[in-house]
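Read through the structure below, which is laid out as structure tokens, and then see the notes.
The values are calculated or read from the model by the stated rules, or taken from the named source; none is laboratory data. Keep in mind it's a predicted model, so treat the numbers as computed, not measured. Cβ placement follows ideal geometry from the backbone for every residue including glycine, while neighbour counts extend to all protein chains displayed.
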Amino acid sequence: MIIGRGDIASILNDREGAIFFASGVSKSTETKESEFKREIELLDKQDKTKCLFYFSTIALDDLSKNSEYHNHKRKMESLIKSNFKNYNIIRIGNITWGSNPNTFINYIKNKKSKGEPVEIKDEYKYVIDKEQLLLLTDNLPLTGQNTICVFGKMAKVAELV
């Protein structure tokens with residue numbers, strides 16, 4: 001079962017015995033409590049006997065990331081670990097496909113298409129393409145308690161622009 005209609009959900013292959021939970025808060029600058037609550041309530045409704053696949057952020061290992069979004073992702077991971085016998089928490093960087101204007105890549109594309117300046121910070125970003133993500137989701141086990149950090153390709157922001 002695939003939960004969600006966004007960019008990640010759109011590429012997933014359904015698997016018997018799995019719940020792909022791709023209906024979460026995708027905007028890292030989100031602050032509305034209602035958005036966080038919606039995701040928690042939706043998670044709570046899922047069949048706890050199936051293996052849950054949850055898409056989190058690679059940035060959780062960076063303890064300096066203390067935004068409402070990052071704290072919410074930490075809470076979601078904790079809820080999954082406490083309530084599901086089998087799960088795959090997949091921490092990913094920035095996706096390279098889709099139409100969500102809140103993704104880093106689409107933010108850059110939208111700015112450039114409007115002729116607006118793009119702030120280029122001297123930092124790296126991790127990007128993952130859909131083939132990499134599908135390779136994982138199609139092959140991860142449906143038993144066990146796994147948290148996987150998928151770095152994908154590391155690129156300077158200037159390279160991505």
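When the stretch 44-72 is limited to residues that are under 24 Å from Asn139 (Cβ atoms) and assigned to a helix (DSSP H, G or I), the one that is modelled with the lowest pLDDT turns out to be Asp61. Taking (1) farther than 16 Å from Gly93 by Cβ; (2) part of a helix (DSSP H, G or I); (3) in contact (Cβ under 8 Å) with a residue 40 or more places away in the chain in turn, Phe20 satisfies each apart from (2). Within the stretch 60-94, the set of residues being free of Cβ contacts under 8 Å to residues at least 12 places away in the same chain and either more than 27 Å from Asp14 (Cβ to Cβ) or in contact with a helix residue (DSSP H, G or I) (Cβ under 8 Å, 6 or more places away or on another chain) (or both) comprises Asp62, Leu63, Ser64, Lys65, Asn66, Asn71. What pairs come up if the first residue lies in the stretch 43-54 and is over 16 Å from Ala9 (Cβ atoms), the second is of a type in the set (Val, Ile, Thr), and their beta carbons are under 6 Å apart, counting only those six or more places apart or on different chains? Pairs found: Lys50/Ile19. Any residue at all in the stretch 125-132 that's touching a helix residue (DSSP H, G or I) at 6+ places or on another chain (Cβ under 8 Å) and among the hydrophobic types (A, V, I, L, M, F, W, C)? Within the stretch 125-132, one or more residues are touching a helix residue (DSSP H, G or I) at 6+ places or on another chain (Cβ under 8 Å) and among the hydrophobic types (A, V, I, L, M, F, W, C). All of (1) within 15 Å of the chain's Cα centre (by Cα); (2) over 15 Å from Ala158 (Cβ atoms); (3) aromatic (Phe, Trp, Tyr) hold for Phe84 with one exception: (1). I'd like to check something: does the stretch 98-112 contain any residue that is among the polar types (S, T, N, Q) and part of a helix (DSSP H, G or I)? There is at least one residue in the stretch 98-112 that is among the polar types (S, T, N, Q) and part of a helix (DSSP H, G or I). Only a single criterion out of (1) touching an Asp or Glu at 6+ places or on another chain (Cβ under 8 Å); (2) of a type in the set (A, V, I, L, M, F, W, C); (3) not in a strand (DSSP E or B) is not satisfied by Cys149, namely (3).
In the stretch 1-23, the residue that is nearest to Lys50 (Cα to Cα) out of those that are modelled with pLDDT under 95 and out of contact with any strand residue (DSSP E or B) (no Cβ under 8 Å at 6 or more places or on another chain) is Arg5.
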